[in-house]
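Below: one structure, written as structure tokens.
The values are calculated or read from the model by the stated rules, or taken from the named source; none is laboratory data. Nothing here was measured: the structure is a model prediction, and the numbers come from that model. All Cβ positions, glycine included, derive from the backbone under ideal geometry; neighbour counts span all protein chains shown. Ligands, DNA and RNA are excluded from the accessible area calculation, which covers all protein heavy atoms including side chains. Shrake-Rupley method; radii C 1.70, N 1.55, O 1.52, S 1.80 Å.
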Amino acid sequence: MADAAADVEATRLERAMARFDSARTAAPDDSEAHRQYAMLAHYFDLFVEASRAWEQSLELEPADPVAWDGYMTSLRLAGRFETDRRYLEKLLDLLPEALRASRDRPMIYVSALSAARELGDLDGYRAILIEQLATRPEDPLMLNALGAALVSAAEEGASDRAGTIRDSIGAALDALAAARDDVPETEASILYRLASGYDLIGREEESDHWLGRLTAASDRGVLADDLLAEDLSADFQAAFQGSSPEELLRIADEGLAAATTLKNRATWTTWRFMAVGQQAMGPELAPELAERLFDAALEVLAWRNAEQWLALDGLIQLGLRPQVVLERAVAIEEGLRADRPGFLDASAKGYEREENRRREIDRARIVQARMLAQLGETEAAEELFQELATESRSAQTLRAFGTHLLETDRPAEALDAFVEVMAFGGVRLRPLAERAAAAAGLPPEAVDERFAVRSPLVEAELAETALGERLDRRAPALVLEDQRGVEWRLSDLVGKVVVLKFWATWCPPCLAEFPHLVGSLEAYEGDEEVVFLTIVTADSPRSEVEALLAEEGYTFPVLFADAGLALDFEILAYPTTLYVDPDGIIRFLEQGYRPAGYAELMRNRIDALRTD
């Protein structure tokens with residue numbers, strides 16, 4: 001246990017997790033070993049594993065508020081990332097017990113509200129709070145949570161009702177504030193209600209005032225932690241837009257000192273690196289500043305999360321320690337291939353996870369090739385770039401190869417590589433292609449000529465190879481109304497291929513995809529064997545949807561999702577497109593939006609389902 005704790009302190013987290021796992025296996029009645037293992041599993045986004053470890057800890061210490069807090073958070077995230085409502089339902093089932101054991105843990109209420117919204121069960125959540133308030137009628141945290149639940153429910157309905165509820169909450173807070181403003185020894189839980197409540201209704205000045213008092217309270221416990229983290233985070237992001245690098249670094253150091261969770265510490269370590277990076281901006285990089293930046297980058301890399309690329313890219317751009325960068329890139333590739341924790345996004349599953357793994361491995365190998373070139377290992381770099389461009393053809397690998405060709409005075413070959421990238425959907429690289437053409441003594445029109453030849457060939461290649469993993473998942477029941485009040489039932493569409501597109505008004509790629517979708521709709525107009533339905537998220541205001549349709553002239557069916565539908569259909573990102581075969585089985589899933597080969601890929605998937 002001591003060795004494992006030392007590993008955590010030194011940010012050797014994977015080794016620490018393995019040691020705590022061994023300790024709890026050897027001593028199943030050691031609640032601390034279960035607790036520490038759960039915290040590390042949670043850090044690595046292993047939320048199901050974390051929730052099981054929290055359960056074991058609570059079996060040994062059922063009144064442990066820290067364990068209840070962690071357990072509720074892990075159940076919420078397991079439900080979200082596994083798209084499994086059972087974890088969220090379990091969270092709400094256990095909520096009364098958690099609240100009895102944990103009076104002053106705000107994150108329990110945050111997790112419960114999130115779960116209730118995902119399940120579409122805000123009424124059930126409010127009923128639990130009201131039942132608990134019967135025994136603790138003046139509990140400040142519970143009253144604050146009830147207000148948040150009422151606002152959340154109102155926001156899903158009429159906006160004027162939400163405003164009325166906020167005004168009512170504001171009046172109650174004003175009365176409480178007036179009674180407590182001159183009371184120096186006000187309980188921390190009341191200070192929390194004032195700080196969090198004013199934040200909820202958008203009155204930031206009052207919220208900041210009471211947060212300041214809460215932060216100074218001797219009995220604050222963890223009550224100020226999340227509010228303070230949010231406040232410092234907002235300060236850092238605002239400062240990043242124009243404050244001095246010294247001010248950025250001050251905020252980052254303050255945030256790091258205040259961080260209470262592994263994830264928060266990792267985030268603030270990254271932001272501290274960014275602050276030091278701002279100091280490094282300029283015509284020359286002083287040796288002592290280069291050393292500080294390198295040390296800050298190593299600290300980011302130790303946390304082994306998605307931000308490790310930010311640290312490596314910073315070192316690459318400034319030309320710092322290419323040998324170390326090379327070694328780190330090799331270690332990342334090894335970790336990805338071994339599926340070690342922390343290297344891949346936890347939300348990706350199945351085919352999508354393997355695609356992510358392939359892209360990240362390519363990224364690591366591109367960095368290796370670049371560093372080999374910097375270190376003078378020319379032949380090894382050339383061999384790796386060639387291998388990437390031929391065996392892992394993508395916009396990412398071809399761009400890296402083209403840049404390498406341009407840097408090694410082969411502009412004609414670089415032009416071909418950049419045109420290929422454009423055909424893969426990287427049209428923003430046109431300036432690089434024109435630069436390569438100029439270096440090769442060719443006019444800008446050469447880019448268009450070559451693109452016209454390569455684009456249809458690459459689109460056909462993408463459509464032929466990108467059908468994706470074939471799924472075998474029965475589509476859940478779906479009964480929703482569209483913008484015209486027409487009711488759609490998925491069960492009525494048996495015998496047809498159904499394309500379901502999940503989107504949101506707040507999702508730029510979703511909106512960028514619509515012109516391409518309209519083109520496909522026109523291509524299938526009159527085809528009675530294929531039905532296209534778009535489904536907008538429950539948190540997309542109907543007024544915004546209707547304004548968008550009117551402004552763009554879209555007439556395709558838009559169904560308004562109920563809360564909980566995304567869980568039922570296992571939607572983790574937007575846009576997501578599902579292809580349902582004539583028997584009601586989901587066969588293909590596409591996350592995100594790729595313009596290259598869009599129509600061909602859609603047609604090939606639909607054709608594949610027609611002929612089954």
>> Only one of 544, 522 is over 28 Å from the mean Cα position of the chain (by Cα), among the charged types (D, E, K, R) and open to solvent by 30 Å² or more (accessible area, probe 1.4 Å). Can you tell me which?
In response: 522
> Any residue in region 370-383 that is without any contact (Cβ under 8 Å) to a residue 24 or more places away in the chain and of a type in the set (Ser, Thr, Tyr)?
Replying inline: yes
> For region 440-457, which residues satisfy the criterion of being within 19 Å of residue 406 (Cα to Cα) and touching a residue at least 24 places away in the same chain (Cβ under 8 Å)?
Replying inline: 440, 442, 446, 447, 450, 451
> Which ones in region 367-384 are over 15 Å from residue 321 (Cα atoms) and either in contact with a Lys or Arg (Cβ under 9 Å, 6 or more places away or on another chain) or of a type in the set (Lys, Arg) (or both)?
Replying inline: 381, 384
> Out of 49, 61, 82, which single residue is without any contact (Cβ under 8 Å) to a residue 12 or more places away in the chain and farther than 15 Å from residue 105 by Cα?
Replying inline: 49
>> Contact list please: Cβ distance under 7 Å, first residue in region 172-189 and open to solvent by less than 70 Å² (accessible area, probe 1.4 Å), second residue among the basic types (Lys, Arg), pairs at least six apart or on different chains.
In response: 186/180; 188/220
> What are the residues in region 202-235 that are open to solvent by 30 Å² or more (accessible area, probe 1.4 Å) and in a loop (DSSP other than H, G, I, E, B), if any?
Replying inline: 202, 203, 218, 219, 220, 221, 222
>> From the list 453, 447, 367, exactly one residue is of a type outside the set (Lys, Arg), in a helix (DSSP H, G or I), over 30 Å from residue 77 (Cα atoms) and open to solvent by 70 Å² or more (accessible area, probe 1.4 Å). Which is it?
In response: 453
>> Among the listed residues 437, 460, 414, identify the single one that is open to solvent by less than 70 Å² (accessible area, probe 1.4 Å), touching a residue at least 40 places away in the same chain (Cβ under 8 Å) and assigned to a helix (DSSP H, G or I).
In response: 460
>> I'm checking my understanding of the structure. Among residues of region 87-105 that are more than 20 Å from residue 226 (Cα to Cα) and among the acidic types (Asp, Glu), which one is surrounded by the most Cβ atoms within 10 Å (Cβ to Cβ)?
In response: 89
> Restricting region 567-583 to residues that are of a type outside the set (Val, Ile, Thr) and open to solvent by less than 30 Å² (accessible area, probe 1.4 Å), which is nearest to the chain's Cα centre (by Cα)?
Replying inline: 575
>> The conditions are (1) open to solvent by less than 50 Å² (accessible area, probe 1.4 Å); (2) in contact (Cβ under 8 Å) with a residue 40 or more places away in the chain; (3) farther than 22 Å from residue 28 by Cβ, and residue 68 fails exactly one of them. Which is it?
In response: (3)
> What number of residues within region 272-300 are touching an Asp or Glu at 6+ places or on another chain (Cβ under 9 Å) and over 17 Å from residue 250 (Cα atoms)?
Replying inline: 1
>> β-branched (Val, Ile, Thr) and over 22 Å from residue 392 (Cβ atoms): is that true of residue 427 in this structure?
In response: no
> In region 525-538, which residue that is surrounded by 15 or more Cβ atoms within 10 Å (Cβ to Cβ) and at pLDDT below 90 is nearest to the chain's Cα centre (by Cα)?
Replying inline: 537
> Can we say residue 163 is surrounded by fewer than 17 Cβ atoms within 10 Å (Cβ to Cβ), among the small types (Gly, Ala, Ser) and assigned to a helix (DSSP H, G or I)?
Replying inline: yes
